[in-house]
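Written out below as structure tokens is the structure these notes cover.
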Amino acid sequence: MALWKRAGRYYVDFTGPDGSRVRHSTGTTDREKAKEYHDRLKAEMWDQLRLKRKPQRSWDDAAVRWLKEKAGKKSYRDDVQRIRWFTGHLRGKLLDQIDRELIDRLIEKHIRCSDRTKDLYVALIRAIFRRAMREWEWIDRVPAFKTYSRGGKVRVRWITEEQAERLLEELPEHQRDVVVFALATGLRQGNVLGLTWDRVQLGRRMATIAHGDTKNGDALGVPLNDVAMAVLERQAGKHKTHVFTYRGKPLRSANTRTWRAALAKCGITDFRWHDLRHTWASWLRQSDVPTWVLQELGGWKSESMVRRYAHMSVKHLQPYADQLTFVPKIREDGEARKTAEVDGAKSPTAPRKGVLILASQDGVRC
């Protein structure tokens, strides 16, 4: 048996059934436990090679590998934060020990947020398990994790032009132009603040968002209307590379205390910075811009994402509504009453005009 001791801790050193060398710490100073670990390890390696059994993998293994492979992901920071939360509850657990009931219990007990937020946590762990099954081949099945907001209403929060005017009056100049540009283009906060002059073509009245900088990863051409052009003209010459700046440096955040204070002063509630994009889309749809055009302007990959604004304009449906040929015969008030009286007299259950009908308690009519 290849067990050896160094600095009080036992190590294994042997050749596996596939010819590879196995040499690492057992993690214990107890010889009996080290021997047990050695025997179990060799048996598991034999099972994996000869019986084609998958090695047991833990949540920690999956979390580390996911973060290594997803280092370039846009929402990497969010993944780190959520994986850190999961690890606090799942550290050391094997993937086979993690099921729907366990995750549901953890989320219901510890996440006191909206169903949408809960779904973000579930979506991450579901994605990790899918990769563990389909690509890493660590597990044979993915638990049917619960979806919390299924069937819920899609949030579309927008403000009127009058509310937007009042909001702009409450904002400082450097933030005002950022909001105006967002309302004029529908770009997300990151794309607005990250806009550089090399991506702007004033002569062609367009800006370009590069591959990888949009949410869906595709490049996006943004047509610039008069409002957006006016903003760019005011910003020209302030900075060598970036369009939106504050005190000579690129603006890093727009969702600030000043922004939230301005909303409070205007009495605008339940409104996030991203809702400026919803406002832009709602305004265009209310101006009868077709949904397919709106989809291309906003860079949405899925038509279902644009359908949330479809109800805001029905102009394209008007010709079909006008095809209804039914025309009710409604006359002036006096004639209508006469018609109703005549129609009523024809009804076998309606009383005759001018006749008083009485009934006694025994049902005899008088």
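Taking residues in segment 294-306 that are over 16 Å from LEU224 (Cα atoms) and surrounded by 19 or more Cβ atoms within 10 Å (Cβ to Cβ), and partners anywhere that are modelled with pLDDT of 90 or more and of a type in the set (S, T, N, Q), the pairs with Cβ atoms closer than 6 Å and at least 6 places apart or on different chains are VAL306/THR291; VAL306/GLN295.
The condition (being open to solvent by 70 Å² or more (accessible area, probe 1.4 Å), touching a residue at least 24 places away in the same chain (Cβ under 8 Å) and farther than 17 Å from ASN191 by Cβ) is satisfied by just one residue among ARG234, ARG260: ARG234.
Pairs are defined by a Cβ separation below 7 Å, a sequence spacing of at least 6 or placement on different chains, a first member in segment 273-291 that is under 14 Å from LEU183 (Cα atoms), and a second member that is of a type in the set (Lys, Arg) and surrounded by fewer than 19 Cβ atoms within 10 Å (Cβ to Cβ); the pairs so defined are ASP275/ARG157; HIS278/ARG157. List the helices (runs of 4 or more DSSP H) inside segment 235-330, counting only whole elements, that have at least 3 residues being under 27 Å from ALA219 (Cα atoms) and of a type in the set (A, V, I, L, M, F, W, C). So the answer is 275-286, 291-298.
Counting only strands (runs of 3 or more DSSP E) that fall entirely inside segment 1-41 and contain at least 1 residues that are of a type in the set (A, V, I, L, M), modelled with pLDDT of 80 or more and open to solvent by 90 Å² or more (accessible area, probe 1.4 Å), no element qualifies.
Screening ASN255 with (1) modelled with pLDDT of 90 or more; (2) in contact with a helix residue (DSSP H, G or I) (Cβ under 8 Å, 6 or more places away or on another chain); (3) polar (S, T, N, Q); (4) open to solvent by 50 Å² or more (accessible area, probe 1.4 Å) gives one miss only, at (1).
Tell me which of these GLN175 doesn't satisfy, since it passes every other one: (1) within 21 Å of ILE98 (Cα to Cα); (2) at pLDDT below 95. Every listed condition holds for GLN175 apart from (1).
The values are calculated or read from the model by the stated rules, or taken from the named source; none is laboratory data. What you see is a predicted model; the values in this text were computed from it and never measured. Please note: Cβ atoms are built from the backbone with ideal geometry, for glycine as well, and neighbour counts cover all protein chains shown. These accessible areas exclude ligands, DNA and RNA; they are computed on the full protein's heavy atoms, side chains included. Shrake-Rupley method; radii C 1.70, N 1.55, O 1.52, S 1.80 Å.
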